[in-house]
Amino acid sequence: MTTVKESFGRVYGPRLPERFYEILLHADPRIAALFKHTDFARQKELFLHGLVSLMDYAEGKASGKMAIKRLGELHSRKRMNIAPDMFIVWGDSLIKTLAELDPQFSPQLEAEWRRTLSPGIDVIKQMY
Ligand code: HEM
């Protein structure tokens, strides 16, 4: 977790959500369609909060648990209807972004990022 937080510190800033959504929206035409009406100024802020929530969840913080449960409800079949397989594209897009923006990125760091994010992502997927 320490190395992930250090990495987050290096990449934190407007470039992170900017590049992430460029990569995510080009990854799959179904995804571009989902964000057709999105206010990206707002979404980019919320994305950074979402990332912090995934990290808080991995650390067992109550705030992380609440935020992830809320995101699970929002992304579920009844609300935004984000199919569970989309989360693979989401995670891969994030890793690509981090690899571009973090000069210290490495296969080990990638594994640590994935290990940190997956418990929260699993909860959101399971709430589909
Ligand atoms: C664990 C992974 C994810 C996190 C942390 C996350 C985070 C968020 C957050 C924080 C919001 C804003 C919620 C709000 O309005 O309060 C949001 C909205 C949204 N997310 Fe995700 N998301 C994830 C995965 C995905 C995936 C896989 C997709 C589809 C490919 C997706 C599509 C959307 C869409 C379409 C919105 C609504 C945008 C709008 O308001 O127009 N998300 N997400």
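Every read-out reported here was derived from the displayed coordinates using simple, explicitly stated rules and does not represent laboratory data. For clarity, every value in this text was computed on a predicted model and none was experimentally measured. As a convention, Cβ positions derive from the backbone with ideal geometry for all residues, glycine included, and neighbour counts pool all protein chains shown.
So here's what we get for this one:
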item: Yes/no for F40 being within 7 Å of the ligand (Cβ to nearest atom) and over 18 Å from F8 (Cα atoms); result: no
item: The range 76-122, residues that are under 16 Å from P17 (Cα atoms) and away from the ligand (no atom under 11 Å from the Cβ); result: I95, K96, T97, L98, A99, E100, L101, D102
item: Of all residues making up the range 46-75, the number that are over 28 Å from T2 (Cα atoms) and near the ligand (Cβ under 8 Å from one of its atoms); result: 2
item: Index of the failed condition, H26 passing every other in (1) near the ligand (Cβ under 10 Å from one of its atoms); (2) over 14 Å from the mean Cα position of the chain (by Cα); result: (1)
